[in-house]
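Visitor: My structure is below; once you've seen it, I'll send some questions.
The values are calculated or read from the model by the stated rules, or taken from the named source; none is laboratory data. Owing to the predicted nature of the structure, the values given are computational and were not obtained by experimental measurement. All Cβ positions, even for glycine, are placed from backbone atoms using ideal geometry, and neighbour counts span all protein chains on display.
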Amino acid sequence: MIKNIILIILFVCNMWLGYRLINYIKYEQKTKNINNALDISFGKTEIAKSFIYDLKYLNQPLHMSDNTKLLLNNLVKKNGGRLLFFRIDFPYCDDCIFPVINKLINYENILQHNIVFITSFPNEEYAYEFNQIVDRKNLNIVNIPYIELNFNDKEILGSFLFTLDANLKHHNLFFTNKYNLFMIDNFINYIFPMDN
């Protein structure tokens, strides 16, 4: 009789533990679904924000110091105007910057080394750390302080791609982030269409 009571108690405990486990699994799934929905929602917000920046700064002048104008003018003339610039904001988010850099490197056959990565590191230590990460990729990197090349020095805008004409007017502005990475393919093919 005691044996039966113990078996019944063990059976009830196992049923209760099974019930708790099932509820825990359901709770974890709901939490995961909520987190995924929030991440998707945040991603859509970031894509919208970058699109708004694209429009907001489309016709705004890119503020440049005289030294920066001279440097960029020489780069544009040297490459016949077929340059794509990637202005990397500082401080930057690794997940936002390095996927873009890798994506641009994948277009080496189209861009033919006509990408200039513009950083704005405040000192050599930050520049050294960044160069250690990307040095093996043999990139054309120019360090220009943010104050010498920006749209708006009162607001942190993030990183962006652009081209310059012979008058150093920017065109093809595209603010990047980790959520709109999938759009870079179309952007590159629009800027540098493949010759047929």
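Visitor: Step by step: first the residues of the range 158-196, then only those that are among the aromatic types (F, W, Y) and part of a helix (DSSP H, G or I), then the one that is farthest from L72 (Cα to Cα). Which residue is that? Break it down into steps so the answer makes sense when it comes.
Guide: Our first condition is that a residue be among the aromatic types (F, W, Y); within the range 158-196, this holds for 160, 162, 174-175, 179, 182, 187, 190, 192.
With part of a helix (DSSP H, G or I) added as a condition, the list becomes 182, 187, 190.
Numbers: F182: 28, F187: 22, Y190: 22 Å.
Looking at residues that are among the aromatic types (F, W, Y) and part of a helix (DSSP H, G or I), I get F182.
Visitor: For the range 62-86, what are the residues that are more than 22 Å from N189 (Cβ to Cβ) and assigned to a helix (DSSP H, G or I)? Spell out the reasoning first.
Guide: If we filter the range 62-86 for residues that are more than 22 Å from N189 (Cβ to Cβ), which is where we start, we get 62-75, 77-78.
Within the range 62-86, D66, N67, T68, K69, L70, L71, L72, N73, N74, L75, K77, K78 meet the criteria.
Visitor: Within the set of pairs 6 or more residues apart or between chains, which connect a residue that is surrounded by fewer than 19 Cβ atoms within 10 Å (Cβ to Cβ) inside the range 168-189 to a residue that is acidic (D, E) with Cβ atoms less than 9 Å apart?
Guide: Filtered contacts from the range 168-189: H171/D165; K178/E46; K178/D95.
Visitor: Just to confirm my filter: which helices (runs of 4 or more DSSP H) fall fully inside the range 87-142 and include at least 1 residues that are in contact with a helix residue (DSSP H, G or I) (Cβ under 8 Å, 6 or more places away or on another chain), modelled with pLDDT of 75 or more and among the aromatic types (F, W, Y)?
Guide: Values: elements: 94-105, 108-111, 124-134.
Output list reads 94-105.
Visitor: Checking the condition touching a His at 6+ places or on another chain (Cβ under 6 Å), in the same structural domain as N73 (by TED's automatic domain parsing) and modelled with pLDDT under 85, which residue from N150, N186 passes? Steps first, answer last, please.
Guide: On the way: N186 fails: touching a His at 6+ places or on another chain (Cβ under 6 Å).
From the options N150, N186, the qualifying one is N150.
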